[in-house]
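What follows draws every value from the coordinates through simple rules; no lab data is involved. This one's a predicted model, so the numbers in the text were calculated from it and none came from an experiment. We place every Cβ from the backbone using ideal geometry, glycine too, and count neighbours over all the protein chains shown.
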Amino acid sequence: MKKTLKNTLVLLIIGAMLFLLTGCGKKEEESKKEEKPSEDQKVEFSIGKWEDNVYTNDFLGLKFNLPEDWTHYDKEEMAEIMNLGSEVLDDEQKATSEIAKLNSAYYMMVNNPNTADSIAVMSEKSTMDYTTEFYINQLKSQLTSVSSIKYTVEGTSKEQVGNNECDVLTVSATSSGVKVTQKYYVYKVDKYFIAIIATSMTGETGINEMMANFQ
């Protein structure tokens, strides 16, 4: 049962983000136009790292303390999600280089095996100067058009996650008879939209509790 719930929620997360501003998983060199690095880009791209039960990523401006009884996805699982060979993630410099080429990338995925509550952190690269409000509106339209998962928009808001002010979309989602609440926290770092996706079966109360672990 726990494995089924975990798999269902992972599908909700991944299925929700296979769209929007760029093609998911396509590398820059596959595009018709080569995007040049921004001259004013000051933050060095990083995939972040786990030390004991603390995930830190200065590029994203995030620090996350893994709660007791929670687990984080290992290198092999993260590589599989991004369609990369697991050996790529064994070399930090190579992993950073390869993931930086992806239009969509995942940095961290954690879950509570007992409840199947989960958090995923991903980014999507944009070649246009879109706002986070535009991104949220696109996300809202795309989610409600998904046929395999029933999404209902509950509302939008602005919330703080660590030092990042985020535009937030709250939805309820039903898949395979499982109904959950999801919140998408979106902010920008240079040309990247950063999305923190929190999923819980106990509504916003459960999400607020898990999000309190961000610094």
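List of remarks:
- Cα-Cα pairs of region 53-146 separated by more than 19 Å (percent): 53
- Per-residue Karplus couplings for region 91-100, computed as 6.51 cos²θ - 1.76 cosθ + 1.60 with θ equal to phi - 60°, are listed in order as 10, 4, 5, 5, 4, 4, 5, 5, 5, 5 Hz, Gly and Pro entered as x.
- Net lengthening on full extension, TYR130/SER172 (0.36 nm per residue, minus Cα-Cα): 12.6 nm
- Coupling constants for region 178-193 follow from the phi torsions by the Karplus curve (6.51 cos²θ - 1.76 cosθ + 1.60, θ = phi - 60°), and in residue order they are 9, 10, 9, 9, 10, 10, 10, 9, 10, 8, 10, 10, 6, 8, 10, 8 Hz; glycine and proline get x.
- Label sites at ASN114 and ASN137, each approximated as a point 7 angstrom past Cα along Cα to Cβ, lie 4.3 nm apart.
- Theoretical gain in end-to-end length, VAL153 to SER86 [0.36 nm per residue, Cα-Cα removed]: 20.5 nm
- Here the mean projected area of the convex hull built on the C-alpha positions of region 113-190 is 6.3 nm².
- In Hz, Karplus ³J(HN,Hα) per residue of region 52-68 (6.51, -1.76, 1.60; θ = phi - 60°; x = Gly, Pro): 6, 10, 10, 9, 10, 9, 5, 4, 7, x, 10, 9, 10, 9, 5, x, 4
- The simple spin-label model puts a point 7 Å past each Cα toward its Cβ; for GLU209 and VAL54 those points are separated by 2.4 nm.
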